[in-house]
Amino acid sequence: MTDLRDLLKRLSETFGPSGNEKAVRALIRAEIEGRVDRLEVDALGNLIAFKAGIGPEPRLKVLLAAHMDEVGFMITKINKDGTLAFSAPSVDARLLLAKRVRIGEPGVPGVICAPVPHLQKGDSAHRVLDADDLFIDIGAADEKFASAKVTLGDYATFATSFSVLSEDPAWPTVRGKAFDDRAGCAALVALLAGDEAYPVDLYAAFTVQEEVGLRGARVVAHRVAPDAAFALEGTICDDLPRPPDEDSTPVTRVGDGPAITLMDRSLVSHPGLLALLKETAEETGLAVQYKAPGLGGTDAGAMHLAREGVPAIAVATPCRYIHGPAAILNLNDLQTLVSLVDGALRRIGPANLSR
Amino acid sequence: MEQLAKRLAEAFGVSGFEEEIRSVLLEEVKDLVDEVRVDSLGNLIAVRKGSGGGKRVMLAAHMDQIGLMVTYVDEKGFMRFANVGYIYALASWGGQVRFADGTLGTVGLDGRVKAGRTLPELRDYYIDTGATSKAEVTQKVGAVAAFWPGFASQGNTWFSPNLDDRAGCVVLVQLLRDLKDVKIDHDLYVVFTTQEEIGPRGAQTAGYAIEPDLAIAIDVTLTGDIPYASPAMEVGLGKGVAIKVQDSGMIGHAGLNAKLIGAAESAGIPYQLEVLQGGTTDAYAIQVTRAGVPATALSIPSRHVHTPSQIVDQRDVAATVRLLDVFLRGPIDL
């Protein structure tokens, strides 16, 4: 468990917004080199690892995908006064103000600021300020000094250090940025690091640009043409706060185990794979939950439409406050995700792939 | 054809959960074609080999319908839901629904919403099966329901929540029946697609697998003949099969459309030209598979689409069958 926590820490603290996943890729590559038979990086930057299975052929070809990219920002203008204009399409505007950011791989530190309240015009003191109203201050004296450190088009992410919130083995929680989907990446690395080989040929894809349109996964699935595909994710968890007398319909709950997708905006999970995960959970005594249908999208949404179609499903660790500066997850949920997928890879058969 | 329509309309098949309608359609077509297969998206692909020298023609009608998926069952047995496909919040209150296992329910409105003053949203609704406690309810999170009842007819008019696109499925089954023992050159790939209402998804993978020389989707379209129809539209109920000039997803292949118009005129089949501003069909997905496919759609005019009681005129359905029949009996040179 400490290994998984340590891996998650390193992944979480690495810089990797959509389109600039280089550092995450290098970290993961170093982790899995030597544990897989082949490693490739494709045109979009997806890291695709192949690990041959054992046992009689023909073996099923299974693709597991976890995305390396996190939601981020881009510098759109350097103002005369040395502040920076930026865009933040995937981040709720209410999460922006006063947050610390780091820009580019050197990690130039900055803060997201608003004009001081008494200088704000009209109603802007009372409404939510979005990226157009805000600016990033890197402490530069003016435009010239700012330009020496950052450029138009530079990427930025939240600047959040990973921290352990609880070491209680019954409720081991951690906090950090980019759990969506460094949690999935950690799980996938853990699945490759096990000692017991699988009875399937495994393609582990650490994908790019999921957050901007499932783009990396789309091309990986076309290239690999698997028999089945799983997306390993970090997903929405809105279990807190909850007034006691209200209809309680959280999307997922921390501590209830990995959340299996029935249906989201990108995918209706394949019934055979759903049955596989249910049976695996029952047979191995793992607690699982089902994500409330209808929300979000994952790499599985792109993978299942590749070529003639691919049976696909998504399963995720619940993460509170995803797409924000500091998410929280329960390491038991993450560990159970690893165990669930491991068990599924050892049980999957042609019966799970038919309709 | 009306009995066929009733049978298809009453079969359950919400997007992603098309097992029942697929098995009904399989029974209908298996003796009319040379080969049937089901792919990983659940599409039913029925292949009727031609006598040779013809084209590989893909005909697609989607067998899925819009529906509701249970997201939460409360202590009293009321079920909250998410939409599967586009559901009008406005058209849901009081709607009767039926689950895959036959359980019936009514869509109720949350008492906190004053319907006289605000427009409810889908999350303000719940499904009520008449239970008074959770223990009486067999449905779990993930259960799917569709509007009900399935089918009624009156003169030339058919009423059903899922004429979009069971009417198109009727066309393809009837076509295969009419072509029984008829020699045509072309290989027909008759595909009853899945998940059109949430994509189109099934048509995309089926199009990739089949690699047709041309494709025609059969679906419903809106009409411009209701009071204050907005936007204005030439298509009207009972005026014949509509040929897709353009919709919000695609522009119909001009050469293919010209051939279809020619066939309609030479056979005296009533037809109309369709420009649809809100909506698209499976043809949109098939057109851009692989290196591209000449594609268009033939549409059955329908009023009140995506509400619990859509309407079509069965003469328009018959005209669609006849046009395809005439078109496929001759050579197709694009």
> Within the group B:12, B:78, which residue is assigned by TED's automatic domain parsing to the domain that holds residue B:181 and of a type in the set (Phe, Trp, Tyr)?
Replying inline: B:12
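Among the residues of the stretch A:141-169, write down those that are closer than 19 Å to residue A:3 by Cβ, assigned to a loop (DSSP other than H, G, I, E, B) and more than 18 Å from the chain's Cα centre (by Cα). Even if it seems obvious, please write down each step before you answer.
Filtering the stretch A:141-169 for residues closer than 19 Å to residue A:3 by Cβ gives A:162-169.
Narrowing further to those that are assigned to a loop (DSSP other than H, G, I, E, B): A:162, A:165-169.
Of everything in the stretch A:141-169, those that are closer than 19 Å to residue A:3 by Cβ, assigned to a loop (DSSP other than H, G, I, E, B) and more than 18 Å from the chain's Cα centre (by Cα) turn out to be A:165, A:166, A:167, A:168, A:169.
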> Can you name the number of the only condition in (1) more than 13 Å from every other protein chain (Cβ to nearest Cβ); (2) over 25 Å from residue B:334 (Cβ atoms); (3) within 12 Å of the chain's Cα centre (by Cα); (4) among the β-branched types (Val, Ile, Thr) that residue B:226 fails?
Replying inline: (3)
> Out of (1) touching a residue at least 12 places away in the same chain (Cβ under 8 Å); (2) under 27 Å from residue B:155 (Cβ atoms), the odd one out for residue B:55 is which?
Replying inline: (2)
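Using the structure shown, decide if residue A:275 is in a helix (DSSP H, G or I), within 20 Å of residue A:212 (Cα to Cα) and within 14 Å of another protein chain (Cβ to nearest Cβ). Let's see the steps before the verdict.
Values: in a helix (DSSP H, G or I): yes; within 20 Å of residue A:212 (Cα to Cα): no; within 14 Å of another protein chain (Cβ to nearest Cβ): yes.
Against the criterion (in a helix (DSSP H, G or I), within 20 Å of residue A:212 (Cα to Cα) and within 14 Å of another protein chain (Cβ to nearest Cβ)), residue A:275 does not qualify.
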>> If residue A:33 satisfies all but one of (1) farther than 21 Å from residue A:322 by Cβ; (2) under 17 Å from the mean Cα position of the chain (by Cα), what's the number of the condition it fails?
In response: (2)
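What number of residues in the stretch B:172-201 are closer than 30 Å to residue B:239 by Cβ and within 14 Å of chain A (Cβ to nearest Cβ)?
Going through the stretch B:172-201, the residues closer than 30 Å to residue B:239 by Cβ turn out to be B:172-180, B:182, B:184, B:186, B:188-193, B:196-197, B:199-200.
The next check asks that each one be within 14 Å of chain A (Cβ to nearest Cβ); those that pass are B:189, B:191-193, B:196-197, B:199-200.
Number of matching residues: 8.
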>> Would you confirm, using the coordinates I've provided, whether residue A:239 is of a type outside the set (Gly, Ala, Ser), in contact with a strand residue (DSSP E or B) (Cβ under 9 Å, 6 or more places away or on another chain), in a loop (DSSP other than H, G, I, E, B) and farther than 30 Å from residue A:100 by Cβ?
In response: no
> Right, residue B:129: at pLDDT 95 or above, in contact with a strand residue (DSSP E or B) (Cβ under 9 Å, 6 or more places away or on another chain), surrounded by fewer than 17 Cβ atoms within 10 Å (Cβ to Cβ) and over 17 Å from residue B:310 (Cβ atoms) or not?
Replying inline: no
> Here are A:184, A:110: which of them is under 30 Å from residue A:51 (Cβ atoms) and buried (at least 21 other Cβ atoms within 10 Å of the Cβ)?
Replying inline: A:184
> Of these, B:263, B:285, B:319, which one is crowded, with 20+ Cβ neighbours inside 10 Å, within 18 Å of residue B:234 (Cβ to Cβ) and assigned by TED's automatic domain parsing to the domain that holds residue B:167?
Replying inline: B:319
>> As an exercise: evaluate residue A:195 against (1) among the charged types (D, E, K, R); (2) buried (at least 24 other Cβ atoms within 10 Å of the Cβ); (3) outside any helix (DSSP H, G or I) and give the number of the one condition it does not meet.
In response: (2)
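Output the strands (runs of 3 or more DSSP E) that fall wholly within the stretch A:1-73 and possess 2 or more residues being among the hydroxyl-bearing types (Ser, Thr, Tyr) and touching a Leu at 6+ places or on another chain (Cβ under 8 Å), or say none. I'd like the intermediate steps shown before the answer.
Values: elements: A:38-41, A:47-51, A:61-67.
Filter on the stretch A:1-73 gives an empty set.
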> Pick from A:231, A:193: which is more than 17 Å from the chain's Cα centre (by Cα) and aliphatic (A, V, I, L, M)?
Replying inline: A:193
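Which of the residues spanning the stretch A:306-343 are outside any strand (DSSP E or B), within 14 Å of chain B (Cβ to nearest Cβ) and either free of Cβ contacts under 8 Å to residues at least 60 places away in the same chain or small (Gly, Ala, Ser) (or both)?
To start, the set of residues in the stretch A:306-343 that are outside any strand (DSSP E or B) comprises A:306-311, A:321-326, A:331-343.
Filter once more, keeping what is within 14 Å of chain B (Cβ to nearest Cβ): A:306-311.
The answer is A:306, A:308, A:309.
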>> Which pairs turn up if I take residues in the stretch A:278-303 that are away from chain B (no Cβ under 14 Å) and of a type in the set (Ser, Thr, Tyr) and look for partners that are surrounded by 21 or more Cβ atoms within 10 Å (Cβ to Cβ) and part of a helix (DSSP H, G or I) with beta carbon separation below 7 Å, at least 6 apart in sequence or on another chain?
In response: A:280/A:340; A:280/A:344
> Looking at the stretch B:109-160, which of its residues are of a type in the set (Gly, Ala, Ser) and assigned to a loop (DSSP other than H, G, I, E, B)?
Replying inline: B:111, B:115, B:116, B:130, B:131, B:133, B:142, B:143, B:150, B:155
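Is it true that residue B:209 is outside any strand (DSSP E or B) and either within 14 Å of chain A (Cβ to nearest Cβ) or surrounded by fewer than 24 Cβ atoms within 10 Å (Cβ to Cβ) (or both)?
Details: outside any strand (DSSP E or B): yes; either within 14 Å of chain A (Cβ to nearest Cβ) or surrounded by fewer than 24 Cβ atoms within 10 Å (Cβ to Cβ) (or both): yes.
Judged against the criteria, residue B:209 is a match.
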> How many residues does the stretch A:250-277 hold that are without any contact (Cβ under 8 Å) to a residue 60 or more places away in the chain and among the charged types (D, E, K, R)?
Replying inline: 2
>> Here are the criteria: (1) closer than 16 Å to residue A:16 by Cα; (2) outside any loop (DSSP other than H, G, I, E, B); (3) outside the structural domain of residue A:325 (by TED's automatic domain parsing). Tell me which single one residue A:91 does not satisfy.
In response: (2)
> Restricting attention to the stretch B:31-83, which residues are of a type outside the set (D, E, K, R), assigned to a loop (DSSP other than H, G, I, E, B) and within 14 Å of another protein chain (Cβ to nearest Cβ)?
Replying inline: B:40, B:41, B:42, B:43, B:63, B:66, B:77, B:78
> Considering A:306, A:316, A:326, which residue is of a type in the set (A, V, I, L, M), in the same structural domain as residue A:216 (by TED's automatic domain parsing) and surrounded by fewer than 21 Cβ atoms within 10 Å (Cβ to Cβ)?
Replying inline: A:326
>> Test of understanding: among B:249, B:279, B:292, which residue is touching a Phe, Trp or Tyr at 6+ places or on another chain (Cβ under 6 Å), part of a loop (DSSP other than H, G, I, E, B) and within 26 Å of residue B:189 (Cα to Cα)?
In response: B:249
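Name the single residue, out of those in the stretch B:161-184 being outside any helix (DSSP H, G or I) and under 18 Å from the mean Cα position of the chain (by Cα), that is farthest from residue B:221 (Cα to Cα).
Filtering first and then ranking leaves B:161.
The values are calculated or read from the model by the stated rules, or taken from the named source; none is laboratory data. The structure displayed is predicted, hence computed values, not measured ones. For neighbour counting, all protein chains shown are included, and Cβ atoms are generated from backbone atoms with ideal geometry for every residue, glycine included.
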